[in-house]
Amino acid sequence: MAMVVVMVVVGTLFLGLLGLGTLVVRDTVRRRGKWGVNPRPIECPNCGEPAPVVRKPANRRQMLWGGATCAECGQEYDKWGDPVGADAG
Ligand SMILES: [Zn+2]
């Protein structure tokens with residue numbers, strides 16, 4: 001009986017990780033979305049100011065999902081350098 005429980009738990013974890021991995025790969029490949037990984041430096045889509053190297057999240061979304069607020073013009077953008085509305089996400 002304990003074996004069955006362990007197998008169910010491990011199976012659930014495995015499927016969860018698989019799903020998460022799929023999301024990360026998908027968003028990384030298409031270079032948008034919350035889950036991908038962007039190794040490239042980004043810059044402000046509005047004025048071209050490079051994002052700060054040491055990222056200081058201005059809100060909860062930036063903390064969770066990356067992105068920055070432009071120091072020059074105040075434009076908020078995500079980790080792909082795409083503009084983000086003030087109330088998005
Ligand atoms: Zn800017």
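The values are calculated or read from the model by the stated rules, or taken from the named source; none is laboratory data. Remember, predicted model here, so these are calculated numbers, not experimental data. Don't worry about glycine lacking a Cβ; one is built from the backbone with ideal geometry, like all the others, and counts go over all protein chains shown. What goes into the accessible areas is simple: the full protein's heavy atoms, side chains included, and nothing from ligands, DNA or RNA. Shrake-Rupley method; radii C 1.70, N 1.55, O 1.52, S 1.80 Å.
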message = Heavy atoms of the protein only, probe of 1.4 Å, neighbouring chains included. What is the accessible area of LEU20 in Å², nearest 10?
response = 80 Å²
query = Expressed as a whole percent, how much of the Cα-Cα distance distribution for the chain exceeds 16 Å?
reply = 60 percent
ask   = Leaving out ligands, DNA and RNA, what percent of the accessible area of the chain is carbon and sulfur, probe 1.4 Å?
value = 65 percent
ask   = If we sort 74-81, 38-45 on the protection proxy, mean other Cβ atoms within 10 Å, highest first, what's the order?
value = 74-81, 38-45
request  = Report, to two decimal places, the Cα Rg of segment 38-89 normalised by 2.2 N^0.38 Å (N = number of residues).
outcome  = 0.98
ask   = Measuring with a 1.4 Å probe in the full set of protein chains, what accessible area per residue, in whole Å², belongs to segment 29-89?
value = 70 Å²
request  = For every helix of n ≥ 4 consecutive DSSP H residues, a contribution of -39,500 (n - 2.57) applies; sum these over the chain, divide by its total residues, and give [θ] at 222 nm rounded to the nearest 500 deg cm²/dmol.
outcome  = -13500 deg cm²/dmol
